[in-house]
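**Q** Here's a structure for you.
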Amino acid sequence: MEDIIQKSKSKWKYIGWFWGLFIAGLGIATLVFMMASWEYFGPMPDFKELENPKNDLATQIISSDGKIIGTYFKENRTPVDYEELPKNLVDALVATEDARFYEHSGIDGRGTLRAFTFLGTKGGASTITQQLAKLLFHGERAKGWKKYTQKIKEWVIATRLERQYTKNEIIAMYLNKQDFLFQAIGVSSASRIYFNKNVGDLKVEEAAVIVGMLKNPRQFNPHRKVSKKKSLRRRNTVLDQMEKYGYLTVKDRDSLKSLPMTLDFSPEGHSDGLATYFREYLRKWMDEWVQANPIGQDEEGKTIYYDIYRDGLKVNVTIDSRMQRYAEEAVAEHLPRLQKEFVKQNEKNKTAPFRDLTEGEIEGIMNRAIHSSTRRRKMLKQGKSEAEILASFDVERDMKIFSWQGEKDTIMTPRDSILYYKSFFRTGLMSMEPQTGQVKAWVGGLDYKHFQYDQVNQGVRQVGSTFKPFVYATAIDQLKLSPCDTLPNTQITIPKGKFGVTEDWTPKNSDGDYGGYLNLKTALAKSVNTVSARLMDRIGPEPIIRLANKMGVKSEIPPVASICLGSVDLKLSEMVGAYSTFANKGIYTKPVMVTSIEDKNGTILYQFIPETKDVISKEAAYVTLNLMEGVTQSGSGVRLRTGPSERYDYKNVITGYPYQFTNPIAGKTGTTQNQSDGWFMGIVPNLTTGVWVGADDRAVHFPTVRYGQGAAMALPIWALFMRKCYEDKSLHVSKGNFEKPEDLSIEVDCNKFKVTQGVDETGEEEF
């Protein structure tokens, strides 16, 4: 009996010990959780932080056709709501990362018990909510004993998150926070960068690749050569998990696993993607807008401004992603061939890439380039002497350089790299709608990473004969001249002292052809200098300058006679804005690049207001267009309608011949002295596009006008761009006639015009 009693006491003793230990353990666990809540193990997020977790949100640049063409960011994150996530992505995430996600309240008890029992050898226990807690409030993995306290903090934060947010919100927050490398922060950026599509358009196998990266974005990255095979295996593991938990059938899983892993890698770095030069212009524009539009003041009275790198603004711009892509493709098609011909013609040029310069002049160019270089500025900040800096430019070093075949690794001296980049032709292209002022395409150069000077809005170059339409338009507006009126094709001398001439000035035609009379349409088509000089002699330079200024030209134009031949230096953006006035019935519309700005909640912060003004009469604008149509019908722009002539073989330079445009096109080519600059300005009723081509230094040019004229350097880019635009029917680029004013009193059909010579006394376009 006593034995039974003793055994009973022992039994109850063990039971007591069990419950005592259990209650003590429970108490300790509760105390530990409370200590974590009391921030004994470090700071914990408060209620407000859980309501508004701190995320840096990228500012999105949204094109007129609804595409994200770039971002400004510290972290390239574009947040998406749960409703924007495709079901296959959510299924892949839950199946792979947290199969009981919808059953627990932040901590998976079964998973935790398994992890403790098997010491993590059969999988961890972190739920999606715990992983989110780590991403939001901890960041990198802790080491030593802190990893245990961090885990406790994650549990506490996870339970709070579960109370604060719905399951769907937690999934969206988790996917928005993840870093997928290559500046892809969040699933939306990852979808664009790795697959060039919106997250909602991801296929099952693509969603599986993205979910597979969650385990380790570097180890399972599909773009890195060393991890492509691992990424494929990890993708297939995700598909297996989806089948295991009923999200896929066995047949579908096997079919998807047999597919190759296909990417459309589209990086979104500041030097990558579409419209890089425009995006840099826009960044500066946004900086000015931010300073002029403060949010308000903080509690201490300090002014608060928007941060374009963190505040998730949406900037709606006028650039059309399709037209921008066509413009960049046109440049990439034509310039390599032009460059190839230039290199060929320099094979026997001892001063290549320069021409007509002495060794001393070349040394001066190189020294100026060294003086203004980034390398010199950095070395000066490091305290280096001028002698040390200069010597460093003759030391070979590894560097990456631009080539039309892609960036190349090479070894050369910094001095040689300057010479290398001097040899490249640069370009600028800008296209805008004359009626709205909306800029649709903007190409500022060859490659923003290597050529950061923007030839659209920074470059100021001599415009050559593309300035002549301003001369003709002024004469038409003031004198009511017709395209059919004639002037003598004989030399005229502007005497010393008149129109800023320092000595008697007698301009020559580039082809040396004189005699007879020419009507204005033929004179502009052939870019005859003597006729331009006669018109300028009648009206003077001041009215021409006033007209150009009214058309948006802000660069200084000197009141001298030679401007009639294009001696003035202007920006491409100014030229395109001014030419658009002709297509807009004489009304200047200020070019616009930004239509609106929204904050992250969709509130409109800025809405553009069109700026327009009447400049010349509808009649004068239409007649000037008619004159410029002659350029593409019988003048230097006629190659838009035909193939190469027998006189010039452009097969090594001009791609896409014959262009064979049949629609009305008003245009003007321009070539400056020594073929240093080539221009083409082209207008159709609803699109004005200007192109400039030239080297960084004016001494880098073709030896003759054959390849160095605007018709060979710039016109092909315009033609390739427009052909692509016309092939894309969704763009609705006009092929129609320019609208004729109902009350037109000036005759433009020279077949009907009775020639009357003596309106007054009045070649290829080299100035």
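Nothing in this text is a laboratory measurement; each read-out follows from the coordinates by a stated rule. Since the structure is predicted, the reported quantities are computational estimates derived from the model, not experimental observations. Backbone-built Cβ (ideal geometry, glycine too); neighbour counts: all protein chains shown.
**Q** With a point put 7 Å past each Cα toward its Cβ, work out how far K498 is from M366 in nm, to one decimal.
**A** Modelled inter-label distance: 4.8 nm.
**Q** Still on this structure, I have one more. Let's test the formula: R0 of 30 Å, r as the Cβ-Cβ distance of N737 and D513. What FRET efficiency results, to the nearest 0.05?
**A** E(calc), rounded to 0.05, equals 0.40.
**Q** Which value, in nm² and rounded to one decimal, describes the direction-averaged projected area of the C-alpha convex hull of region 507-634?
**A** 10.2
**Q** With the cut-off at 30 Å, tell me which of the pairs K203/K408; K571/K735; K197/K302; K440/K613 have Cα atoms farther apart than that.
**A** Distance filter (> 30 Å) returns K203/K408; K197/K302.
**Q** Could I ask something else about it? Seen from all sides and averaged, what is the projected area of the convex hull of the Cα atoms in region 343-499, in nm²?
**A** Reported value for the Cα convex hull: 17.2 nm².
**Q** When the Karplus curve 6.51 cos²θ - 1.76 cosθ + 1.60 is applied with θ = phi - 60°, which whole-Hz ³J(HN,Hα) does each residue of region 539-556 get, with x for Gly and Pro?
**A** For region 539-556, the Karplus-derived couplings read 9, x, x, 4, x, 5, 5, 4, 4, 4, 5, 5, 8, x, 7, 9, 5, 5 Hz, x marking Gly and Pro.
**Q** Using 0.36 nm per residue of separation minus the Cα-Cα distance, give me the extension gain between E103 and E333 in nm, one decimal.
**A** Length gained between E103 and E333: 77.0 nm.
**Q** Using the Karplus curve 6.51 cos²θ - 1.76 cosθ + 1.60 with θ = phi - 60°, what ³J(HN,Hα) values do you get for each residue of region 626-631, in whole Hz, with x for Gly and Pro?
**A** 4, 4, 6, 4, x, 4
**Q** State the extension gain, in nm to one decimal, for the chain segment bounded by K384 and R397, taking 0.36 nm per residue of separation less the distance between their alpha-carbons.
**A** 2.9 nm
**Q** I would also like to ask the following. Hey, rough spin-label estimate for Q633 and N216, points 7 angstrom out along Cα→Cβ, what's it come to in nanometres?
**A** Simple spin-label model gives 7.2 nm for this pair.
**Q** Work out how much length N751 to V460 would gain on full extension: take 0.36 nm times their residue separation and subtract the Cα-Cα distance, in nm to one decimal.
**A** Roughly 100.7 nm would be gained on extension.
**Q** Grab the alpha carbons of region 186-323, take their convex hull, and tell me the volume per residue in Å³.
**A** Looking at region 186-323, the number lands at 175 Å³ per residue.
**Q** Once you have the alpha carbon radius of gyration of region 432-527, what is it after dividing by 2.2 N^0.38 Å, with N set to its residue count?
**A** 1.51
**Q** Tell me the label-point distance for the pair K203, Q660, using the 7 Å Cα-to-Cβ offset, in nm and rounded to one decimal.
**A** Each label point is offset 7 Å from its Cα along the Cβ direction, giving 3.7 nm.
**Q** Run the Debye formula on the Cα coordinates of region 399-456, all scatterers equal and no solvent, and tell me log10 I(q)/I(0) at q = 0.21 1/Å.
**A** Summing over Cα pairs of region 399-456 leads to -0.84.
**Q** In cubic angstrom, how much convex hull volume per residue do the alpha carbon atoms of region 373-435 span?
**A** 138
**Q** In terms of Cα to Cα distance under 12 Å, which aspartates and glutamates are near enough to K554, apart from those fewer than 8 places away along the same chain?
**A** K554 reaches D569, E574.
**Q** Sticking with this one: For a label point 7 angstrom out from the Cα of S373 toward its Cβ, which stretches of region 381-407 have the backbone nitrogen within less than 20 Å?
**A** Only 381-403 pass the distance filter.
**Q** Here's something else I'd like to know. How about K74: which aspartates and glutamates have a C-alpha closer than 12 Å to its C-alpha, ignoring those fewer than 8 places off in the same chain?
**A** Within the straight-line limit of under 12 Å, K74 reaches these aspartates and glutamates: D56, D307, D311.
**Q** While we're on this one: For region 188-204, just list the computed ³J(HN,Hα) in residue order, Karplus coefficients 6.51, -1.76 and 1.60, θ = phi - 60°, integers in Hz, with x standing in for Gly and Pro.
**A** So the Karplus estimates, Gly and Pro as x, are 5, 5, 4, 4, 5, 6, 8, 10, 6, 8, 5, 4, x, 9, 5, 7, 4 Hz.
**Q** When the C-alpha atoms of region 322-407 are aligned to their principal axes, what extent does each axis show, in angstrom, from largest down?
**A** Taking max minus min along each principal axis of the Cα atoms, region 322-407 gives 48, 35, 22 Å.
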